[in-house]
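> I have a structure here, written as structure tokens, and I will follow up with some questions on it.
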Amino acid sequence: MHVLEMNHVEKSFNEQNVLRDISLSVKEGEILSVIGPSGSGKSTLLRCATLLEQMDKGELFYLGEKAAWNGSDGTTVYAKKEKLKEIQKNYGLVFQNFNLFPHMTVLNNIIDAPIHVQKRSKEDAIKEATELLQKMGLADKADAYPCQLSGGQCQRVAIARALALNPKILFFDEPTSALDPELTGEVLKVIKSLADLHIAMVIVTHEMAFARDISDRVIFMAEGVIVEEGTPEEVFASNNVRTQNFLGRYG
Ligand code: ADP
Ligand code: MG
């Protein structure tokens, strides 16, 4: 069963076709990296997948449930709000800039949604958050505020916060690109450690060695289309001129 399926997605901003007939699917536990030049539509793709942006055309499924489909006029129709709320429980999103709540402690950042969205008991939420902080190497930071942490620590809190909702799939949009180089490694290591949890991941990244190492599959995007898709071995050894030019710059 596919956790995520997107079919023939189209998205434009003011006449600019940012996503042009994009189709992709992700299986349970699968790790997919999305690479490609700046402006190629990677963030827009993640934003469409996570309902932060509306598609113009195309279908979106989570675990076979329809979040969006093509209506009779060919444009996308979305499921009702209640249904979308259910569907949203399947995924978590980690942004480039962490997006933590600045006025809340690390612990409260993590337990907020489990208590208020999932209606779990505070005791249960704290127990799980404490375990997650331990896993992220942040056991001593529960009572700290985001401004007291390094960027790498903030991003690990953001990952713990996403995991606290027990998602089937996690999306990462350039999770290390706002970090100083010396902090990148600790975040990549944490993401790698999640591979054992059997959570599917879609990772937009410019860290080519990481993408090659961690992924089951890699997609190379340029100008709103999927230029290539395959195993890391296939994509990184590709003869395609566009892929080679891109990898020559980043690899
Ligand atoms: P990437 O993440 O690969 O760098 P993006 O998805 O952020 O690419 O952007 C793809 C293109 O879409 C860019 O040209 C960008 O300027 C444009 N774009 C993205 N979001 C918007 C928006 N909300 N309004 C107008 N243009 C946008
Ligand atoms: Mg982007």
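The values are calculated or read from the model by the stated rules, or taken from the named source; none is laboratory data. Computed from a predicted structure; not experimentally measured. FYI the Cβ positions are ideal-geometry reconstructions off the backbone, even for glycines, and counts take in every protein chain you see.
> Being closer than 18 Å to Pro167 by Cβ, over 19 Å from the mean Cα position of the chain (by Cα) and away from ligand 1 (no atom under 16 Å from the Cβ) is true for just one of Lys83, Lys66. Which residue is that?
Sole residue among the options that is closer than 18 Å to Pro167 by Cβ, over 19 Å from the mean Cα position of the chain (by Cα) and away from ligand 1 (no atom under 16 Å from the Cβ): Lys83.
> Does Asn90 meet the test of being of a type in the set (S, T, N, Q), away from ligand 2 (no atom under 16 Å from the Cβ) and closer than 30 Å to Ser193 by Cα?
yes
> Let me ask something else about it. Identify all residues within the range 88-116 that are more than 20 Å from the chain's Cα centre (by Cα) and at pLDDT below 95; write none if there are none.
The answer is His116, and nothing else.
> Quick test for you: out of Ala144, Ala162, pick the one residue that is hydrophobic (A, V, I, L, M, F, W, C), more than 16 Å from ligand 1 (Cβ to nearest atom) and crowded, with 19+ Cβ neighbours inside 10 Å.
Ala162
> Inside the range 184-224, can you point out the residues that are surrounded by fewer than 18 Cβ atoms within 10 Å (Cβ to Cβ), within 16 Å of ligand 2 (Cβ to nearest atom) and more than 17 Å from Gly152 (Cβ to Cβ)?
Scanning the range 184-224 gives a single hit, Glu223.
> In the range 161-183, which residues are away from ligand 2 (no atom under 16 Å from the Cβ) and within 29 Å of Ser25 (Cβ to Cβ)?
Answer for the range 161-183, where residues must be away from ligand 2 (no atom under 16 Å from the Cβ) and within 29 Å of Ser25 (Cβ to Cβ): Arg161, Ala162, Leu163, Ala164, Leu165, Asn166, Pro167, Lys168, Ile169, Leu170.
> Give the residue that is farthest from Tyr145 (Cα to Cα), with candidates limited to residues of the range 77-111 that are touching a residue at least 40 places away in the same chain (Cβ under 8 Å) and part of a helix (DSSP H, G or I).
Top of the filtered list is Ile111.
> A follow-up question, please. Mind checking which pairs have a first residue in the range 45-58 that is over 20 Å from Lys85 (Cα atoms) and part of a loop (DSSP other than H, G, I, E, B) and a second that is modelled with pLDDT of 95 or more and within 10 Å of ligand 1 (Cβ to nearest atom), Cβ under 7 Å, 6 or more apart or different chains?
Going by the 7 Å Cβ cut-off, the qualifying pairs are Asp56/Lys11; Asp56/Ser12.
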